[in-house]
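Single-structure report; data block below.
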Amino acid sequence: MAEVLKVFGAPGCGKTTRLLNIMEAEFARGVEPERLSFLTFTVAARHEAKTRAMAKFNYAAARLKWVRTLH
């Protein structure tokens, strides 16, 4: 069964940074980006997360296909 991690907090408290650090640890363990999901409540948060992940990990947008909104 897949592990589910939920991170909640106020705007600007570091949720995206925390989740990107977790993603980095998973990639270091050999997990492929297509096997992780990063779900947000807003399109703006999704855009921020995907843009930062692409820059941090040097992945094309297509490899981060599960960075999505919940709606």
*Subset tally (residues that are over 9 Å from the mean Cα position of the chain (by Cα) and either open to solvent by 60 Å² or more (accessible area, probe 1.4 Å) or in contact (Cβ under 8 Å) with a residue 60 or more places away in the chain (or both)) for region 22-51*: 13
_region 55-71, residues that are part of a helix (DSSP H, G or I) and closer than 13 Å to F27 by Cβ_ = K56, F57, R63, L64
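Here's the yes/no breakdown for (1) more than 16 Å from V7 (Cα to Cα); (2) modelled with pLDDT under 95:
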site	(1), (2)
L19	no, yes
R29	yes, no
R35	yes, yes
F38	no, yes
H47	yes, no
M54	yes, no
F57	yes, no
A60	yes, no
L70	no, yes
*When residues of region 4-33 are filtered for being over 17 Å from K65 (Cβ atoms) and part of a helix (DSSP H, G or I), how many remain?*
9
*Looking only at region 34-54, which residues are closer than 15 Å to F8 by Cα and part of a helix (DSSP H, G or I)?*
A45, R46, A49
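The values are calculated or read from the model by the stated rules, or taken from the named source; none is laboratory data. Owing to the predicted nature of the structure, the values given are computational and were not obtained by experimental measurement. Note that each Cβ is placed from the backbone with ideal geometry, even for glycine, and that neighbours are counted across all protein chains shown. For accessibility, only protein heavy atoms count, side chains too; no ligands or nucleic acids. Shrake-Rupley method; radii C 1.70, N 1.55, O 1.52, S 1.80 Å.
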